[in-house]
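Peer 1: Sharing a structure, written as structure tokens. Questions coming.
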């Protein structure tokens, strides 16, 4: 270890652990905020231009199918398996070996992805017919057109994910997170000015151009972070084989995991036009909320898990997991309750204009109220899943994924036809809870004390604070407001949010919940003591 590294580590020890996590996450959070603003602008424009219609269903179906294909191509699992191996080599001062692996994996992935995507382009029509058999001929054609434009974008996206994994390993978070801004902002501009002429297919072009620009930006950041390019392509390299061997168990799990997604889309394609759009508008808000508040915690925790595993310290692993879990729960409770209680005025303010009607608002708020309940469970399962990857127990991830997707697929098939979009939303909401339970059960074989994170008195205190927030918002909603329309909705959201959070924070102080001091620590160490 260099003298500079020793000095840096000594300095970090003087900073409270909670602040170090929050500080590392702040760069991601700031960049993510701007990216989400661009994403919301895009969603608002889509809702305004097209509402919940057949063309919007076509776009969301194409986007969903491309996501399924991207997952089948192992982009996400290669990234997740590669990062712990890369961190391991860096921790052992084998930098040359780490960079050779990164270069070789980039090139091998590019070749494999390119070949498979060519095949997918040829069979796009049949893929859409299989996944969305209930679509009308017109909606089917639109879906195929958008998907054919979108597919190459995921070639760039998968390579971008690999590059971002390297940057996160080097503790570079801000600029990679900021690169998320490119695609939604570019798509927003294209829809705003060209949607009337070219229709919703223009969104496919936005993803294609945005994906290529994002990859270019991330590669530039890599170069400035010390990345050394080597024109190597070896399918027999031992380190590459090690990564692919760890990925191999994912092949079966990924195929199983897509069963739920396929079932979801097949069932939704038989619903009236606009149903899939309602599901996706509601799900998008849940995803954005996760990305804004919870995913950042996982992004920072994953490299920390990998370093703890590399140091072979079970105590350190549990402490890192407990810290991430407590922060996630503390901030996740008020977010979840706020969205559940204020979802209808929230959606009305965001979307209800142009082609997006009051009926669309009711449908989307119904879906959101069901899906958002699982937001915290989704974050916790994500945290546990990344711990399993850091420990390189990929078989655990495989077993958990397969079992969860079997349960979810059954739920979609049973609940969808019976309850419509509510049934699909319920299936989506139950899945993260199943995932959390299974990950905890399987990880307990390696980490017997992992269950203790769910047995902390902290949870009782947070639940009491949450109940105080819930009662406050319910009371505030009943008060008479002299305004109408979106002005009424805005004032209702503002007053309920401010008073609800104030009560939550006061209750947290009264119950001595340590996490309430997060903001105070950030301000203190950022302004008064710049470490």
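The values are calculated or read from the model by the stated rules, or taken from the named source; none is laboratory data. Computed from a predicted structure; not experimentally measured. Cβ sites come from the backbone with ideal geometry, for glycine too, and all protein chains shown count toward neighbours.
Peer 1: Pick out the one residue from 78, 69, 46 that is under 30 Å from residue 202 (Cα atoms) and at pLDDT below 85. Before the answer, list the steps.
Peer 2: Numbers: 78 fails: under 30 Å from residue 202 (Cα atoms); 46 fails: at pLDDT below 85.
Being under 30 Å from residue 202 (Cα atoms) and at pLDDT below 85 holds for just one of 78, 69, 46, which is 69.
Peer 1: Is there any pair with a first residue in region 460-472 that is on the phi < 0 side of the Ramachandran plot and without any contact (Cβ under 8 Å) to a residue 60 or more places away in the chain and a second that is in a helix (DSSP H, G or I) and surrounded by fewer than 18 Cβ atoms within 10 Å (Cβ to Cβ) whose Cβ atoms are under 9 Å apart and which are 6 or more apart or on different chains, and what are they?
Peer 2: Matching pairs, first to second residue: 468/506; 472/499; 472/502.
Peer 1: Further question on the same structure: Can you tell which of 406, 464 is touching a helix residue (DSSP H, G or I) at 6+ places or on another chain (Cβ under 8 Å), at pLDDT 95 or above and part of a helix (DSSP H, G or I)? Full working, then the answer.
Peer 2: Working: 406 fails: at pLDDT 95 or above.
Just one listed residue meets the conditions, 464.
Peer 1: Something else about it: If residue 24 satisfies every condition in (1) in contact with a helix residue (DSSP H, G or I) (Cβ under 7 Å, 6 or more places away or on another chain); (2) assigned to a helix (DSSP H, G or I); (3) within 20 Å of residue 195 (Cβ to Cβ); (4) modelled with pLDDT under 90 but one, which is the exception?
Peer 2: (3)
Peer 1: Return the only residue of 145, 157, 183 being in contact with a helix residue (DSSP H, G or I) (Cβ under 9 Å, 6 or more places away or on another chain) and more than 22 Å from residue 39 (Cβ to Cβ).
Peer 2: On the way: 157 fails: more than 22 Å from residue 39 (Cβ to Cβ); 183 fails: more than 22 Å from residue 39 (Cβ to Cβ).
The conditions single out 145.
Peer 1: Follow-up. Any residue at all in region 131-138 that's part of a helix (DSSP H, G or I) and modelled with pLDDT of 90 or more? First the steps, then the outcome.
Peer 2: Taking region 131-138 as the starting set, the residues that turn out to be part of a helix (DSSP H, G or I) are 131, 137-138.
Within this subset, residues satisfying the condition of being modelled with pLDDT of 90 or more are 137-138.
Scanning region 131-138, I find at least one residue that is part of a helix (DSSP H, G or I) and modelled with pLDDT of 90 or more, so the answer is yes.
Peer 1: Evaluate region 479-488: report whether one residue or more is over 26 Å from residue 347 (Cβ atoms), in contact (Cβ under 8 Å) with a residue 24 or more places away in the chain, more than 26 Å from the chain's Cα centre (by Cα) and part of a helix (DSSP H, G or I). Before you say what the answer is, go through the steps one by one.
Peer 2: Of the residues in region 479-488, the ones over 26 Å from residue 347 (Cβ atoms) are none.
So far as region 479-488 goes, no, none of its residues is over 26 Å from residue 347 (Cβ atoms), in contact (Cβ under 8 Å) with a residue 24 or more places away in the chain, more than 26 Å from the chain's Cα centre (by Cα) and part of a helix (DSSP H, G or I).
Peer 1: Within region 419-440, can one find any residue that is outside any helix (DSSP H, G or I) and over 30 Å from residue 342 (Cα atoms)? Even if it seems obvious, please write down each step before you answer.
Peer 2: So the first thing to find is which residues in region 419-440 are outside any helix (DSSP H, G or I), and the list is 420.
Okay, now just the ones that are also over 30 Å from residue 342 (Cα atoms), so none.
Among the residues of region 419-440, not one is outside any helix (DSSP H, G or I) and over 30 Å from residue 342 (Cα atoms), which makes the answer no.
Peer 1: Oh, and also: Check region 294-314 and report whether any residue there is within 20 Å of the chain's Cα centre (by Cα), at pLDDT below 85 and within 24 Å of residue 46 (Cβ to Cβ).
Peer 2: Pass one, region 294-314, residues within 20 Å of the chain's Cα centre (by Cα): 294-306.
Retained after the next criterion (residues that are at pLDDT below 85): 294-306.
Among the residues that remain, those that are also within 24 Å of residue 46 (Cβ to Cβ) are: 295.
Checking region 294-314: at least one residue is within 20 Å of the chain's Cα centre (by Cα), at pLDDT below 85 and within 24 Å of residue 46 (Cβ to Cβ).
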